[in-house]
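Undergrad: There's a structure below that I have some questions on.
Read-outs: derived from the displayed coordinates by stated rules, not from any lab. Since the structure is predicted, the reported quantities are computational estimates derived from the model, not experimental observations. As a convention, Cβ positions derive from the backbone with ideal geometry for all residues, glycine included, and neighbour counts pool all protein chains shown.
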Amino acid sequence: MLESGATRLRLLREEDVPALAACLAAGATGPYYPGDFESVQELKTRFATDGFWSERDGRLLIENLEGRMVGWIFHFRNHPFMDSRELAYFVFDPAMRNRGHATAALRLLTSHLFNTLPVHRLELTIATENESSLRVAEKVGYRREGILRQAWYSPALGRRLDGCRYALLRGE
Ligand SMILES: CC(C)(COP(=O)(O)OP(=O)(O)OC[C@H]1O[C@@H](n2cnc3c(N)ncnc32)[C@H](O)[C@@H]1OP(=O)(O)O)[C@@H](O)C(=O)NCCC(=O)NCCS
């Protein structure tokens, strides 16, 4: 378990899966996330495989100190030979946003990955119009590197989005 201020990160438990699936089905990951939402069965299968955590691809639950599920944060290997990982974060309930949870979660997972894996770069890809996520990246110290033009299609918005690439190097 990782904790900072009012935010805690922990491994998922099997009993989290129904509530998590309900959040995803309700569109809680927002219009900028290109991934399909995962069904209860898909989430259960992933849980049974590795508990949602491996060196290549891990997901942690973000919760507040009362133990309420606030969101989740990922890391995943995004290139076959680079020693980097990409991260992505989600705060499901709009009423829980702007309280610092994503910033704390990104700080915690960033430190944890640099402390436990032989990675040199941690990366983020954020839609250029996703102002709150751009702000989170900058608060944690990630640096803007460039634009990935028309990088993915948003079904919710019905158009392709430009992505802003951010990275933080070990030692920065
Ligand atoms: C992006 C997201 C994770 C941010 O979570 P959060 O817990 O609200 O983030 P924080 O509270 O740590 O920080 C948000 C910051 O953005 C700022 N912000 C919010 N809306 C903003 C806007 N429209 N323009 C500029 N800044 C904005 C807040 O003021 C805050 O900055 P501050 O601390 O300097 O005041 C959340 O909005 C979310 O889950 N969105 C949908 C999923 C998503 O887009 N994920 C990112 C994928 S890369």
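Undergrad: Measuring from label point to label point, each 7 Å out along Cα→Cβ, what is the Asp50 to Glu131 span in nm?
TA: Computed distance between label sites Asp50 and Glu131 equals 3.8 nm.
Undergrad: Just to confirm a number: summing +1 for Lys and Arg and -1 for Asp and Glu over residues other than Ser4 whose beta-carbon lies under 14 angstrom from that of Ser4, what do you get?
TA: +3
Undergrad: While we're looking at this one, here's another question. Of Asp16, Asp50, Asp162, how do they rank once you tally other Cβ atoms within 10 Å and put the fewest first?
TA: Values: Asp16 18, Asp50 11, Asp162 14.
Fewest to most other Cβ atoms nearby, the residues stand as Asp50, Asp162, Asp16.
Undergrad: For segment 2-169, what relative contact order do you get, as a whole percent, if you take Cα pairs closer than 8 Å and at least 6 residues apart?
TA: 20 percent
Undergrad: Next up: Based on the alpha-carbon set only, what is the convex hull volume of the chain divided per residue, in Å³? It would help to have the intermediate numbers written out before the result.
TA: Numbers: hull volume 20.5 nm³, N = 172.
Taking the convex hull of the Cα positions in the chain, it is 119 Å³ per residue.
Undergrad: Now, a different point. Among Thr49, Thr103, rank each residue by its count of other Cβ atoms within 10 Å, from fewest to most, as a rough exposure measure. It would help to have the intermediate numbers written out before the result.
TA: Numbers: Thr49 9, Thr103 20.
By the 10 Å Cβ count, ascending: Thr49, Thr103.
Undergrad: For segment 59-159, which chymotrypsin sites (Phe, Trp or Tyr not before Pro) are in a loop by DSSP, counting at most 12 other Cβ atoms within 10 Å?
TA: Phe81
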